[in-house]
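Colleague: Following this message is one structure expressed as structure tokens.
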Amino acid sequence: MRQDQEDPYQRRSARAYAAADRAGSGSLGSLRGVLYDAVLLDRDGTLIEDVPYNGDPEKVRSVPGARAALDRLRAAGLRLAVVTNQSGLARGYFTGEQMRAVHARVEELLGRFDAWLVCPHDDADGCDCRKPAPGLVHAAARELGTTPSRCVLVGDIGRDVAAALAAGAAGVLVPTPVTRPEEVAAAGWVANDLPAAVEEILRRQEAVQPATPPGGPVRTALVVRSDSAGDVLVTGPAIRAVAAGAQRVVLLCGPRGRAAADLLPGVDEIIEHPLPWIDPMPAPVDPEGMRSLTARLGAVGADQAVVFTSFHQSALPLALLLRMAGIGRIAAISDDYPGSLLDIRHRVPVGVPEPERALSLAAAAGHRLPDGDEPVLRLRRDAVAPRPADLGDPGYVVLHPGSAASSRACPPDLAARIAGALTAAGHRVLVTGSADERGVTARVAAAGGTDLGGRTDLAGLAAIVADAGAVVVGNTGPAHLAAAAGVPVVSLFAPTVPFGQWGPYRVPTVRLGDAATPCRDTRAANCPVPGHPCLSRIDPDEVVDALRTLAVSSGGGGGR
Ligand SMILES: [Zn+2]
């Protein structure tokens, strides 16, 4: 299938939207890193030893290795800000003048920061800047001339990480002895100490920049992402990076990912074929089918193939077919020894977000996103269906209870209680789901909301999500549709896979659910723990509070 070449999101007009994106992101120019412009640091327990309500500069002690670590960030061109809750001001434990003296001492020890953002309030004040509210992160990004999604925040407690995620920034937790175990379990990115956090920030930033060119001109690139819609959507930024360096991009996907593949910018042509070593419910291997796939891949005439996989999937069976199809340059992530099947064998540590993991493979193959194309999920505008007119104004809340894997679905009873609580709080709720989830969506919508079960295909769902104030959803495809539209997510995230890899990417998010239940990291498709406790213990009022944190208004209109 040859797709519309006039699409504004296609790479041929990349410069147009690149300019638009750049306009909103300061004047850092084309030398900046792909992922981050700035690092935001919590103060007490992260930069300096925590001395409760300290107003005395003499008592300031930096944490080990802080100065050298911060200087590495400065040398890499990253801007630095401190974001700190100081309720001691509200409580009268120290004065503003004493606090400024403490901060002057911090800069003597650790060097200059580009901005200091302080919340002077107490929990009782209900301000929007006291972490876990995202106000300080928004303010810091503004003051540094960037956006929250181009910031990474380092802190020592759950409040720090929550504030980062709610603003759409990345959050690194550096636990101290006072950090609670459930905060460590819930964090998607954990480092042992500040120097280790800095090392990984710089490593991730470096990993998505190609060290060498693709090793020759790339007229046609074959990119591969089998598996489901969500997998295909999170690979989108990497496919755009390949598209920026190739004249033509052919995507091989599986039937489960086809609808998502149709939504991706940068793809010129799609080949759909199930891969029995990837599919979760595989049919027996059909030798004739494999022979015809090999012939079809050979007919693509690709100069280069980039095979994207999840960490538990193998790229090697396909690499063998690609070799038999005569493709000369093949890149893939493989911990297994590839022999002569791969030209570029890439390795990635666990815990890296899937979009970055894929971008780092594209970089290893010589490709990077063009300047101004942010490393966010995107959809082709022309592929997203118009939203049905009978849904009213934008700003509603989409509640999507289902998932292809039941372990990652919201229990129907809980979803119904959430629908009731949201409606009672003044939100307009649209309940979405596939045709075979209609029983659940009807039951949930009966508790409050409009039942759209079975009414949408993926493109139709993308249109509905794009006009939502927020989406309440488990770890499944629509969470990534929301990320692609920049719509905030309340993530009811079952910990069967790591949140840091599969959580909504670079979009304001509140994570709910118990991250420390025994299903953690099992990758189970069906919950192995009676009662599905990771999600079933969520209180519907937590969802209402999450929407408040994400500044989603309940008046029905607007909300964004
Ligand atoms: Zn405040």
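Colleague: So what are the radius of gyration and Dmax for the Cα set of the chain, in Å?
Modeller: 23.7, 78
Colleague: Note down the magnitude of the dipole of the chain about its Cα centre, charges +1 on Lys and Arg C-beta and -1 on Asp and Glu C-beta and zero elsewhere, to the nearest 20 debye.
Modeller: For this selection, approximately 1040 debye.
Colleague: Using a probe radius of 1.4 Å on heavy atoms only, what accessible surface per residue do you get for the stretch 61-102? Whole Å² is fine.
Modeller: Details: 2020 Å² over 42 residues.
It amounts to 48 Å² per residue over the stretch 61-102.
Colleague: What is the spread of the Cα atoms of the stretch 101-141 along each of their three principal axes, largest first, in whole Å?
Modeller: In descending order, the Cα extents are 33, 21, 11 Å.
Colleague: Compute the distribution of all C-alpha to C-alpha distances in the stretch 294-333, in bins of 10 Å from 0, and list the percent of pairs in each, rounded to whole numbers.
Modeller: Taking all Cα pairs of the stretch 294-333, the binned fractions are 33, 54, 13 percent.
Colleague: What net charge is computed for the residues neighbouring Asn192, neighbours being all others with C-beta under 11 Å from the C-beta of Asn192, Lys and Arg scored +1, Asp and Glu -1? Don't skip to the end; give the middle numbers.
Modeller: On the way: positive: none; negative: Asp193, Glu199, Glu200.
Computed value for this residue: -3.
Colleague: Next question. How long, wide and thick is the stretch 276-400, going by the Cα atoms along their three principal axes, in whole angstroms, largest first?
Modeller: On the principal axes, the stretch 276-400 reaches 56, 36, 29 Å in Cα extent.
Colleague: What is the set of long-range amide H partners of Ile333 at a cut-off below 5 Å, with H atoms built 1.01 Å from backbone N?
Modeller: Sorted by chain and number, the residues that satisfy this are Thr309, His346.
Colleague: Still on this model: Name the long-range amide H neighbours of Gly474: under 5 Å, sequence gap of 5 or more, or other chain; modelled H, no Pro or chain starts.
Modeller: It is Cys410, Leu492, by chain and number.
Colleague: Still on this model: Once the mean 1/r over all distinct Cα pairs of the stretch 57-195 is inverted, what Kirkwood radius in angstroms do you read off?
Modeller: Numbers: mean 1/r = 0.0638 Å⁻¹.
Taking the inverse mean of 1/r over all distinct Cα pairs, the stretch 57-195 comes out at 15.7 Å.
Colleague: Can I ask one more? Taking only DSSP H segments of four or more residues, each worth -39500 (n - 2.57), what value at 222 nm results for the chain once the sum is divided by all its residues, to the nearest 500 deg cm²/dmol?
Modeller: Numbers: 21 runs with 190 residues, N = 560.
So the calculated ellipticity at 222 nm is -9500 deg cm²/dmol.
Colleague: If you bin every alpha carbon distance in the stretch 394-547 into 5 Å steps from zero, what whole percent lands in each bin?
Modeller: 2, 11, 21, 25, 23, 14, 4, 0
Colleague: Under 5 Å between amide hydrogens, which residues at least 5 positions from Gly168 or on another chain qualify, with H placed 1.01 Å from N in the peptide plane?
Modeller: Sorted by chain and number, the residues that satisfy this are Thr509.
Colleague: Averaged per residue, what accessible area in Å² does the stretch 201-316 show with a 1.4 Å probe, protein chains only? Before the final figure, lay out the partial values.
Modeller: Numbers: 4050 Å² over 116 residues.
Each residue of the stretch 201-316 exposes 35 Å² on average to a 1.4 Å probe.
Colleague: Another question about this same structure. Using alpha carbon centroids, what distance separates the stretch 400-470 and the stretch 247-290, in Å?
Modeller: 28 Å
Colleague: Continuing with the same structure: Can you send over the carbon and sulfur percentage of the accessible area for the chain, probe radius 1.4 Å, protein chains only?
Modeller: Details: 11450 of 21630 Å².
So the carbon and sulfur contribution to the accessible surface is 53 percent.
Colleague: Nearest-5 percent of antiparallel DSSP beta bridges in the stretch 79-219?
Modeller: If I count the DSSP bridges inside the stretch 79-219, around 0 percent turn out antiparallel.
Colleague: Report ³J(HN,Hα) in whole Hz for each residue of the stretch 506-517, in order, from the Karplus equation J = 6.51 cos²θ - 1.76 cosθ + 1.60 where θ = phi - 60°; Gly and Pro get x.
Modeller: Once θ is set to phi - 60°, the couplings for the stretch 506-517 become 6, 9, x, 9, 10, 8, 10, x, 8, 7, 10, 6 Hz.
Colleague: Hey, what does the equivalent ellipsoid look like for the stretch 205-288, semi-axes from the Cα gyration tensor as sqrt of 5 times each eigenvalue, largest first, whole Å?
Modeller: Details: eigenvalues 126, 40, 34 Å².
Listed largest to smallest, the semi-axes of the stretch 205-288 are 25, 14, 13 Å.
Colleague: Percent of alpha carbon pairs in the stretch 492-540 separated by more than 17 Å? Intermediate values should be presented prior to the final figure.
Modeller: Working: 364 of 1176 pairs.
Value for the stretch 492-540: 31 percent of Cα pairs lie more than 17 Å apart.
Colleague: If packing is taken as the average count of other Cβ atoms within 10 Å, what order do 443-449, 295-301, 411-417 fall into, highest mean first? Could you put the intermediate results ahead of the total?
Modeller: Values: 443-449: 21.9, 295-301: 15.1, 411-417: 19.7.
Per-residue Cβ counts within 10 Å, averaged per peptide and sorted highest first, yield 443-449, 411-417, 295-301.
Colleague: Now for a separate question. What number, in percent, do you get for the relative contact order of the chain if the mean sequence gap of Cα pairs under 8 Å and at least 6 apart is divided by its residue count? Please report the intermediate quantities before stating the final value.
Modeller: On the way: 1255 pairs, mean separation 74.0, N = 560.
Computed value for the chain: 13 percent relative contact order.
Colleague: Okay, next question. Dividing the alpha-carbon radius of gyration of the stretch 265-349 by 2.2 N^0.38 Å (N being the number of residues), what value is obtained?
Modeller: Values: Rg = 12.9 Å, N = 85, 2.2 N^0.38 = 11.9 Å.
In units of the 2.2 N^0.38 Å rule of thumb, it is 1.09.
Colleague: Also: For the stretch 362-371, just list the computed ³J(HN,Hα) in residue order, Karplus coefficients 6.51, -1.76 and 1.60, θ = phi - 60°, integers in Hz, with x standing in for Gly and Pro.
Modeller: 4, 5, 4, 8, x, 10, 9, 4, x, 3
Colleague: Here is a follow-up. Sorted from largest to smallest, which semi-axis lengths in Å does the alpha carbon gyration tensor of the stretch 374-426 give for its equivalent ellipsoid, taking the root of 5 times each eigenvalue? The partial results should precede the final answer.
Modeller: Numbers: eigenvalues 130, 75, 26 Å².
Ellipsoid half-lengths, sorted descending, are 25, 19, 11 Å.
The values are calculated or read from the model by the stated rules, or taken from the named source; none is laboratory data. Since this is a predicted model, take the numbers as computed values, not measurements. Backbone-built Cβ (ideal geometry, glycine too); neighbour counts: all protein chains shown. When the accessible area is computed, the model is the full protein with side chains, heavy atoms only, and any ligands, DNA or RNA have been set aside. Shrake-Rupley method; radii C 1.70, N 1.55, O 1.52, S 1.80 Å.
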